[in-house]
Structure formats: C-alpha cells, structure tokens
Amino acid sequence: MTTRTLLAARAALPRPARLLSGPSRFYVWPTAPFNSIQRYSLHTSVRRRNEHVSPPHSLSTHAAEARASFKDPMTRYTHLIQDKVLREDPSQKEIIKKLQRLWNDLEHYDPGEIPPEVEGKSGGFLSRLLGTHSPSSHPPSIPLDKVPKGLYLYGSVGTGKTMLMDLFHSTLPSQFKSAQKGGYGSTRIHFHSFMLDVLQRQHAVTKKYQMQGLGKKDAMPEVARSLAEEGRVLCFDEFQVTDIVTAMILRQLLERLMSYGVVCVMTSNRHPDELYINGIQRQSFIPAIELIKERFEVVDLDSGTDYRKIPRALSKVYYSPLSPEVKSEMTKLFESLASTDPISTEVTQNKQIPLWGRNLTVPESSGSIARFKFDDLCNRPLSAADYLEITGRFGTLFVEDVPKLGLGERDQARRFITFIDACYENRTKIFISSEAPIFQIFSDKHGSAAEDEHMKSVMEELGLTSSDIGASSIFQGDEELFAFARCVSRLSQMGTKEWSETTWQEEQL
C-alpha cells in the first residue's frame with residue numbers, strides 16, 4: 001500500500017476539530033456529524049466551545065448514517081476496503097483485530113467517578129526527579145487489573161501509525177465521545193503538544209500551591225486528575241522520550257493516569273525497550289518502561305507490506321536555486337493565494353504575534369497565509385511550542401532563502417526539522433525556496449548520513465537515491481539520524497497533491 005492510499009484513507013476519516021489558541025494542539029473529536037464545522041479554544045486546561053455551524057440537512061443525515069455504520073474499527077476498516085480506499089492486507093487486518101480487541105474491552109468499560117483527592121505532602125523537585133519521592137496518597141477510581149490493557153503501536157517512518165490512531169479514535173464507544181455531555185470523554189493528541197500542556201498545567205498548579213502556602217507540594221496528582229477528568233481514553237501520536245524531564249514526568253504521570261482508569265493508546269517509532277536509550281538517569285525510567293510492557297499490548301507495525309513508499313511530488317511547492325526567477329515565482333504565488341484567502345485578503349506587513357512572552361514579526365501575511373525568510377524562523381531561539389503556535393495561526397506558510405546547512409548550522413538545522421514537524425502535525429501547506437533541492441539542504445561533502453543503514457532503507461522506500469539527498473555530518477546518534485530520516489519523509493509527503501488537498505485550510509472550511 002502506498003502513502004498516497006494511506007493519505008486517502010486518512011482523508012476519509014472524520015477530521016478532528018482544531019484548537020487554534022495557545023501553544024498546545026489538542027484534537028477533540030466532534031460529536032456532531034463530521035461534515036459540520038466545530039471550533040474550540042484552549043486556555044491552559046479549559047476547553048471552550050466557540051462556534052458550531054451545522055451542515056445542510058442532507059449532508060448531516062448522510063454523515064449520521066455513515067457514522068452509524070462505522071461503530072467499531074473492524075466495520076470501519078471493512079468499509080474502507082469496500083470503497084477501495086484501502087486494499088485488503090492480511091498483516092494490516094491482524095493489527096485492526098488488536099484495535100477491535102481494545103474497542104470490545106472499552107464498549108462496556110466503566111472507570112467510575114474520580115474520587116476526591118487525599119491531602120498530603122510530598123517531596124520536592126529533586127527527589128521526584130531522582131525517583132525517590134513518595135507520592136501523595138490518592139485512592140484509585142478502579143483497581144488496576146480492571147482497567148483494559150492499552151495499545152502501544154510502533155513502527156518505522158510511514159507505516160500508517162497515525163491513520164490507525166485516527167481510525168480507532170473515530171470509532172470509540174459512545175461513553176467516551178464527550179465529557180461535556182456527561183460521558184467520560186477522550187483526548188487525541190500529538191505527544192509534543194501533550195508534554196507542553198502537561199508542563200503548563202504543572203506550572204499553574206505549582207504557582208497555585210505557592211500562593212496557598214503549600215510550598216513544594218507535588219503538582220503531578222492534580223495535573224493527572226485534570227487530564228483524567230477531560231478524557232478516560234488518551235491517544236498519543238508519536239510518543240518519544242528524549243530528555244530527563246520528560247522521562248521523570250512520564251514515570252509518575254502514567255502511574256497516576258492508570259490509577260484513575262485512563263486507557264492509553266500510543267504510537268511510536270521505537271519499541272518500549274528502546275525508549276530514552278542512553279539517556280541520563282535512564283535507570284530511573286526503567287519502571288515506566290516495565291509499566292508500559294505490562295499494561296499495554298505492544299504491536300509491531302513493520303510487516304512485509306511496504307506502506308512507506310511515497311510518490312514523487314505532484315504539487316509544485318519546492319523551488320531552487322535561489323535565483324531572481326524563483327524569488328519572482330514565490331512572490332506571484334503568495335500574492336495569488338493571498339488575494340483569495342478565505343479568512344482575509346488584506347496583506348499586513350510586519351505583523352506582531354505573541355509567542356510565550358515575546359513577539360515574533362511576520363514579514364508579510366494575510367488572514368491564513370504568512371511569508372517568512374529562513375532566518376526569521378530558524379536563526380532565532382524558537383522552540384517547538386513557538387512553531388506550533390505559528391502553524392496553528394497560519395494554514396499556508398512560505399519559507400524563503402533556505403541555505404545549505406552544514407556543521408556550522410547545526411542549531412538552525414535542528415530548528416528547521418522541528419518546524420517541519422509542527423507543519424506536519426498541523427497539516428500546514430508549505431512553499432519553500434532553497435539554495436539546493438530541498439532534500440539536499442542538509443548535505444555536506446564530509447558527511448556519512450546517507451551511508452547509514454536506516455537512512456538507506458528510508459531513501460529506498462521514498463524512491464530517493466544518495467545523489468538526491470547527499471551526505472551529512474550534522475546528525476550524530478540514532479535519535480538525530482531518525483529525526484533527519486523523518487524530516488525527509490515528511491517533506492516528501494508534504495509535496496504531494498494529496499497533502500495539498502487535505503491541509504489546514506480545507507479543515508477549517
């Protein structure tokens with residue numbers, strides 16, 4: 001199955017509503033027919049319904065009938081095969097059976113109400129970081145052996161992890177559809193955004209405790225409680241652990257969420273045993289790995305079928321070299337798209353947007369289209385949170401004058417990869433002009449990345465050769481090489497016609 005087919009399958013699924021304010025990007029599945037427009041906003045941990053525009057009656061009726069027939073993952077999968085969106089594949093069907101197993105477990109699952117917190121003091125930050133703390137006591141809402149086993153889906157770049165996650169989340173049993181309507185609710189979120197939200201909540205709770213004179217009381221129980229109250233099914237996309245703070249937070253957070261009856265589904269690029277490999281204080285994270293292996297069914301998505309092969313770009317979005325002709329073409333494209341911007345056609349110069357206590361200047365922008373230089377985005381100390389904010393505000397981004405990146409630009413290269421990740425997560429349409437062809441911007445004559453076995457595999461599956469990508473000495477270690485491979489994969493996918501037809505702007509209309 002090609003990624004073209006996977007994109008078509010994802011497009012056939014009901015799309016989640018996008019939360020446009022704040023750095024975190026939650027996806028809350030609409031409870032109304034999926035042809036309707038629903039917009040939400042997020043302020044720290046508060047979800048607020050702003051607007052609901054119903055579709056025409058005929059569309060609403062059709063969507064309701066369609067959703068009624070998609071009651072569980074297996075019937076949904078069967079429908080996609082019948083509609084020839086997917087072709088039947090024995091390996092993939094086995095994975096769908098595992099999704100169906102969890103759906104069956106959830107169908108009559110009642111996690112119960114979250115009990116009131118038992119007041120108590122806990123250790124400070126250092127003791128929690130080193131794993132020597134004694135958490136505040138709190139009664140579980142349900143015995144752990146009564147909580148259904150979650151799913152941990154792992155596989156290489158482009159194995160359809162996100163599509164499977166969307167399929168499962170779109171068919172959740174009715175009691176997990178909406179916490180606002182008396183159900184237990186569910187949350188479907190990219191792991192990057194989830195951790196940003198957890199840190200925000202932790203900061204807010206810690207500040208509240210200090211104002212109440214509670215000193216260094218552990219904030220994590222209240223953070224876990226607020227997450228559990230918003231959704232007893234939690235779906236993480238692209239679960240990864242790359243730093244000690246994330247590792248130590250997850251160790252405690254997963255235990256507490258499960259004690260509240262939260263069932264988790266995760267997708268990752270790595271087997272649990274390979275998480276946070278060679279990380280600082282990794283030994284303290286081992287209990288979290290053992291918890292995942294005990295309380296999750298671990299499923300390998302890498303099968304004999306090639307799901308990762310991406311077709312050559314059908315939509316012209318990447319331009320090189322940096323010539324006057326390319327600059328003129330980028331200007332024409334921007335002006336043409338801005339003149340038909342459905343949000344606002346007025347072009348603003350040097351618009352200021354707030355980013356976590358500071359402002360970012362947007363050189364040119366209309367309502368949902370922005371135009372940047374590479375230096376604006378990657379020569380400044382911007383983070384994943386900043387890029388998520390930008391891609392949440394603008395559905396189409398122009399990034400111009402991208403140079404070739406060598407050892408002297410490692411920081412810029414890492415920021416560019418993080419930026420592409422944010423664009424991918426928010427399904428942002430991009431136009432890029434670069435000094436070299438887009439897949440060669442990381443290339444330098446001293447590199448060896450293209451000779452790495454994993455990179456060889458990714459390039460083969462993308463239909464690229466070493467001459468297409470070149471070699472790079474920027475990236476060192478498994479994590480950086482994988483991020484490089486993922487960026488190449490995503491840039492390829494974001495250059496396809498399918499991507500152009502299912503991006504941010506289409507989801508808003």
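The values are calculated or read from the model by the stated rules, or taken from the named source; none is laboratory data. Just so it is clear, the model here is predicted, and its values are computed rather than measured. When we count neighbours, we look across all protein chains shown, and the Cβ atoms used for this are built from the backbone with ideal geometry, even at glycine. Note: accessible area is taken over every heavy atom of the protein model, side chains too, but ligands, DNA and RNA are not part of it. Shrake-Rupley method; radii C 1.70, N 1.55, O 1.52, S 1.80 Å.
In whole percents, the pair-distance distribution calculated for the range 195-330 from its alpha-carbon pairs, binned every 10 Å from zero, is 10, 30, 25, 16, 13, 7, 0.
Averaged per residue, the range 395-441 has 27 square angstrom of accessible surface, using a 1.4 angstrom probe with ligands and nucleic acids left out. Scanning residues 5 or more positions from LYS373 or on other chains, those with amide H under 5 Å from its amide H are GLU400, with H placed 1.01 Å from N in the peptide plane. The residues neighbouring ALA338, those whose beta-carbon lies less than 9 Å from its own, together hold a net charge of -3 under the Lys/Arg +1, Asp/Glu -1 convention. Computed from the C-beta positions of ARG282 and LYS404, the FRET efficiency with R₀ = 25 Å rounds to 0.10.
Grab the beta carbon distance between VAL245 and MET74, set R0 = 41 Å, and tell me the FRET efficiency rounded to 0.05.
Numbers: r = 39 Å, r/R0 = 0.96.
Calculated transfer efficiency: 0.55.
Quick one: ranking HIS203, HIS169 by accessible area, 1.4 Å probe, largest first, what do you get? Mind dumping the intermediate values first?
Values: HIS203 125, HIS169 5 Å².
These residues rank, largest area first, as HIS203, HIS169.
Here the Karplus curve 6.51 cos²θ - 1.76 cosθ + 1.60, taken at θ = phi - 60°, turns the phi angles of the range 250-255 into couplings of 5, 4, 7, 5, 4, 4 Hz, with x standing for Gly and Pro. Across the range 193-204, rounded Karplus estimates of 3J(HN,Hα) from the backbone phi angles (6.51 cos²θ - 1.76 cosθ + 1.60, θ = phi - 60°) give 5, 4, 5, 4, 5, 4, 5, 4, 5, 4, 5, 5 Hz, Gly and Pro being marked x. Distance between the 7 Å Cα→Cβ label points at LYS216 and ASP83: 5.5 nm. In this view, the solvent-accessible surface of ARG282, computed with a 1.4 Å probe and all protein chains in place, comes to about 50 Å². Taking a threshold of 29 Å on the Cα-Cα distance, which of the pairs LYS97/LYS497; LYS177/LYS217; LYS84/LYS149; LYS93/LYS177 fall above it? As for pairs spanning more than 29 Å Cα to Cα, those are LYS97/LYS497; LYS177/LYS217; LYS84/LYS149.
The slack in the chain from ASP411 to LEU144, taken as 0.36 nm per residue of separation less the alpha-carbon distance, amounts to 91.8 nm. Placing dummy labels 7 Å off each Cα toward the beta-carbon, the span from GLU294 to ALA204 is 3.2 nm.
Heavy-atom accessible area with a 1.4 Å probe sorts GLU400, GLU346, largest first, into GLU346, GLU400.
For the range 436-443, putting each phi into the Karplus relation 6.51 cos²θ - 1.76 cosθ + 1.60 with θ = phi - 60° gives couplings of 10, x, 3, 6, 10, 5, 8, 7 Hz, in residue order, rounded to whole numbers and with x for Gly and Pro. When you count the other C-beta atoms within 10 angstrom of each residue and take the mean per peptide, 325-337, 403-415 line up highest first as 403-415, 325-337. Annotation: extensible slack from VAL326 through LYS98 equals 77.2 nm (criterion: 0.36 nm per residue apart, minus Cα-Cα distance). Scanning residues 5 or more positions from ASP341 or on other chains, none has an amide H under 5 Å from its amide H, with H placed 1.01 Å from N in the peptide plane.
Roll a 1.4 Å probe over the protein chains and send me the accessible area per residue for the range 188-282 in Å².
Working: 3220 Å² over 95 residues.
Heavy-atom accessible area per residue stands at 34 Å².
Given H placed 1.01 Å from N in the peptide plane, which residues other than close sequence neighbours of CYS235 have an amide H under 5 Å from its amide H? Here THR187, ARG188, ILE189, VAL265 satisfy the definition.
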